[in-house]
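Asker: Here you go, one structure.
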Amino acid sequence: MADALSAIPAAVLRNLADKLYEKRKNAALEVEGIVKQLTAAGDHDKITAVINLLTHEFAYSAQANHRKGGLIGLAAATVGLSAEAAQHLEVWVNLLVYQSQIVPPVINSFSDQDSRVRYYACEALYNIAKVVRGEFIVHFNKIFDALCKLSADSDPNVQSAAHLLDRLVKDIVTESDQFSIEEFIPLLRERMNVLNPYVRQFLVGWITVLDSVPDIDMLGFLPDFLDGLFNMLSDSSLEIRQQADSALSEFLHEIKNSPSVDYGRMAEILVQRASSPDEFTRWTAITWINEFVKLGGDQLVPYYADILGAILPCIADKEEKIRVVARETNDELRAIKADPAEGFDVGAILSIAKRQLSSEYEATRIESLHWISALLNRHRSEVTLNHQNTCLSFLNDIFDTLLKALSDPSDQVVLLVLEVHACIAEDQHNFRQLVVFLVHKFRTDNALLERRGALIIRRLCVLLNAERVYRELSKILEGEADLDFASTLVQALNLILLTSSELGDLRDLLKLSLVNASGKDFFLSLYTSWSHSSMAIISLCLLAQAYQHTSFVIQSLTEEDINVRFLVQLDKLIHLLETPIFAYLRLQLLEPGRYIWLLKALYGLLMLLPQQSAAFKILRTRLKTVPSYSFNTEQVTFASSSIQTMHISEDGNVNEDPGNEHNGINFASWLRTFKQIQQQHRVYLKSQASSQSSSISSKVVEVKKSKQPKGPLGVADRPPSRLSRKGP
């Protein structure tokens, strides 16, 4: 200290701490001259003493004016050191004696409570940096940290001084070969999520400057600060958004021209940003993803599921430009022939597609189904486990979701769901499981059967072979415990069979039931389940041209069978008889003598209809057109032959002998089956009615009990005696 005091006059030291800037400035100039003389004389001990004096007695002083003078004095000493300045800074770095050298006290002053001290700290460091230039880099991280804070300083003068210093530091860094990007990136990463707009501008400025230096590989470290840049795209300041977008655009351009890019880490960030509530951020993220899918190649294979999870919601984005890019990306991704051996996770992608099936947006649900279908077609061996039942590994997880999708309000979604189901059902076990699940779905969701039943059944018949579908449905319904549901579903299936253009081949097959083995087999496969509905079995027999059996079925109906539901179904059948589907039947009425059982069956239906109903009038009008000329000889011949092959007992039961079989069908036996099932329905309906009646009765009793007063039976509660009764 004595050396310093002997070198610097007391008046200079007093002026250095004066409250007036001009006196401090003049004192600093004298310090500069003194240090120059000492430097020229090579008296390094006194130089060190002067620096220590300026540091401890001034820069670290409790008095603000002392601190101001210390800072301007340290800057002046640095200028005076001239070429020796770097040497003293190097000494500070090597010996880690921060408090005894020039730069640490200046940096420390950046956080001073007095804004003027912070201002002079910026000015001092600016002058120091101009002198030492490249040697200054050893202090870069601490200076960067200080500048980052000063960029958001509450005093505009300090901000202005900091910006001036910041530009100088950037110039020094861009021309230096000592700057370490590896040491800088952690510092940058820590600050990228700061919300202060001034800090954000400061950070984007540094990113842009460093990226412009050819020798600095900012692209290699892009994953470390990419998320922060995307975060700035939604800033309230237009200027910051533009700066961030400009930086991102430049990096994307570099990515397109770079042979080596870490796509994976960045893909994870982009996936998150693609769901941002900010439109511009979503659009930028999906644009980057689009480029990554085109450029990434094998690197992106493990990330396909995550990328798909980001793309699918954007397909239904409210902004058209986002939808366009998302659809293009989706098509690009689905066109890639990735192999599971390369890390392509089929299960993960299926999981994403399944989750998006619950999306509120139709477009997203549709694309999810396209993905499921594509994966089943492309990677069936990967998604199939060859266990005993050859069950798809994901079936249990996704099947219920697919079934729920059958209730989707969009017909297009439902049709695609059915295509996926059909793909799954290529294996017999899965086919059986599909139909079982479908019947269960119809049972638990009656509205689905009413709204979509026909669409679902018809589409499955096209995709999976109509006969196969109907046989399986019939087999399941044979053992259905809920008889009311069984009747409802059979009626629906029968109506589809009679009316759908897709099932024309099945109707043609059934018409050959009495002459063809295949037709007979299919007819019999439906008979038992169709017996759950008397009108369905009548329709089936008319279609199979088993008219005699039709007549016997009609005659077997009891009073209990002729209910509202039956009459509604009969009304539908009568109207169907007038359609082209039953044109062959109407033409057969031209030969009533030959088709006497058809005529009898139709008259039987007529007798069941209320006379005032429209169906009665339609059928009666049709029967009136039957020509009578052929009854004379043909009827007598047919009747006599019929008497020989059958007899009617006193109780009215019809008994056919084996000779009355057609194409090997024992109609007498099948009629008994029909009667048994119909009897089960009668018993079931009675039990249901009884159960409902008991339930109502119990509720009435409970209501009565609740109205009775509590406690022991009083006089008012006793039944009246004879003497108390009034009236005759």
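The values are calculated or read from the model by the stated rules, or taken from the named source; none is laboratory data. Everything numeric here is computed off the predicted structure, so don't read it as measured data. Here Cβ is always computed from backbone atoms with ideal geometry, including for glycine, and neighbour counts include all displayed protein chains. Only protein heavy atoms, including side chains, enter the accessible area calculation; ligands, DNA and RNA are left aside. Shrake-Rupley method; radii C 1.70, N 1.55, O 1.52, S 1.80 Å.
Asker: Which lysines have a Cα less than 18 Å from the Cα of Lys354, not counting those fewer than 8 places away in the same chain?
Answerer: Qualifying lysines at Cα under 18 Å: Lys404.
Asker: For Ile574, Ile216, what's the largest-to-smallest order of accessible area, 1.4 Å probe? Each step should come with its number before you reach the end.
Answerer: Details: Ile574 0, Ile216 25 Å².
Ranked from most to least accessible, the order is Ile216, Ile574.
Asker: What spacing in nm lies between the two simple spin-label points modelled at Lys25 and Asp331, each 7 Å away from Cα in the Cβ direction?
Answerer: Spacing of the two 7 Å Cα→Cβ label points: 6.9 nm.
Asker: Given Ile665, Leu609, Thr208, which one lies farthest toward the positive end of the charge dipole of the chain, if we put +1 on the Cβ of every Lys and Arg and -1 on the Cβ of every Asp and Glu?
Answerer: Value computed over the given set: Leu609.
Asker: Take the alpha-carbon centre of the stretch 226-303, take the same for the stretch 490-517, and report the distance between them in whole Å.
Answerer: Between the Cα centre of the stretch 226-303 and that of the stretch 490-517, the gap is 58 Å.
Asker: Order these peptides, 24-33, 524-533, by their mean beta-carbon neighbour count within 10 angstrom, highest first.
Answerer: The densest-packed peptide leads the list: 524-533, 24-33.
Asker: If you don't mind, there's one more thing I want to ask. With a 1.4 Å probe and all protein chains in place, put Phe442, Phe221 in order of accessible area, largest first.
Answerer: So the residues, ranked largest to smallest area, are Phe221, Phe442.
Asker: When the helix-only estimate is applied to the chain (DSSP H runs of n ≥ 4, each -39,500 (n - 2.57), divided by the residue count), what is the mean residue ellipticity at 222 nm, nearest 500 deg cm²/dmol?
Answerer: So the helix-based figure for the chain works out to -22000 deg cm²/dmol.
Asker: Moving to a separate point now. Note down the accessible area of Glu279, probe 1.4 Å, to the nearest 10 Å².
Answerer: 60 Å²
Asker: Projecting each Cα onto the charge dipole of the chain (Lys/Arg +1, Asp/Glu -1 at the beta carbon, about the Cα centre), which of Asn330, Gly297, Leu376 comes out farthest on the positive side?
Answerer: After comparing all options, I get Leu376.
Asker: Something else about it: Over the chain, what is the relative contact order in whole percent, taking alpha-carbon pairs under 8 Å and six or more residues apart?
Answerer: 5 percent
Asker: Could you check how much of the accessible area of the chain is carbon and sulfur, as a whole percent, using a 1.4 Å probe?
Answerer: Result for the chain: 50 percent of the exposed heavy-atom area is carbon or sulfur.
Asker: Okay, next question. What figure in square angstrom, to the nearest 10, would you give for the accessible area of Arg323 with a 1.4 Å probe?
Answerer: 80 Å²
Asker: Would you rank Val325, Val553 by solvent-accessible area, highest first, keeping every protein chain in place and using a 1.4 Å probe?
Answerer: Output order, biggest surface exposure first: Val325, Val553.
Asker: Sequence neighbours fewer than 8 away in the same chain don't count; with that in mind, list the aspartates and glutamates whose C-alpha is under 12 Å from Lys321.
Answerer: Glu279
Asker: May I pose another question? Treat each spin label as a single point 7 Å out from the Cα along the C-beta direction, and report the Leu295 to Arg116 distance in nm.
Answerer: 5.4 nm
Asker: Hey, what do the phi angles of the stretch 269-282 turn into as Karplus ³J(HN,Hα) couplings, whole Hz, using 6.51/-1.76/1.60 and θ = phi - 60°, x for Gly and Pro?
Answerer: Here the 3J(HN,Hα) series is 5, 5, 4, 5, 6, 5, 9, 4, x, 7, 4, 5, 5, 4 Hz.
Asker: Over all directions, the average projected area of the alpha-carbon convex hull for the stretch 274-346 comes to how many nm²?
Answerer: The directionally averaged projection comes out at 4.3 nm².
Asker: What value in Å³ per residue do you get for the convex hull of the alpha-carbon atoms in the chain?
Answerer: Values: hull volume 244.4 nm³, N = 728.
Looking at the chain, the number lands at 336 Å³ per residue.
Asker: A further question follows. Rolling a 1.4 Å sphere over the protein heavy atoms, what is the accessible area per residue of the chain, to the nearest Å²? Present the calculation step by step, with values, prior to reporting the outcome.
Answerer: On the way: 34900 Å² over 728 residues.
I get 48 Å² per residue for this part.
Asker: What is the sum of charges, Lys and Arg at +1 and Asp and Glu at -1, for the other residues whose Cβ falls under 13 Å from the Cβ of Val325? Spell out each step's value before the answer.
Answerer: Working: positive: Arg282, Lys294, Lys321, Arg323, Arg327; negative: Glu279, Glu291, Asp317, Glu319, Glu320, Glu328, Asp331, Glu332.
Net charge around Val325: -3.
Asker: Hey, another quick one. Got a sec? Charge dipole of the chain, +1 on Cβ for Lys and Arg, -1 for Asp and Glu; which of Thr621, Ile51, Thr287 is way out at the positive end?
Answerer: Result: Thr621, furthest along the dipole toward the positive end.
Asker: With viscosity set to 1.306 mPa s and temperature to 10 °C, compute the Stokes-Einstein D of the stretch 236-365, Rh being the Kirkwood radius across alpha carbon pairs; µm²/s, no decimals.
Answerer: 104 µm²/s
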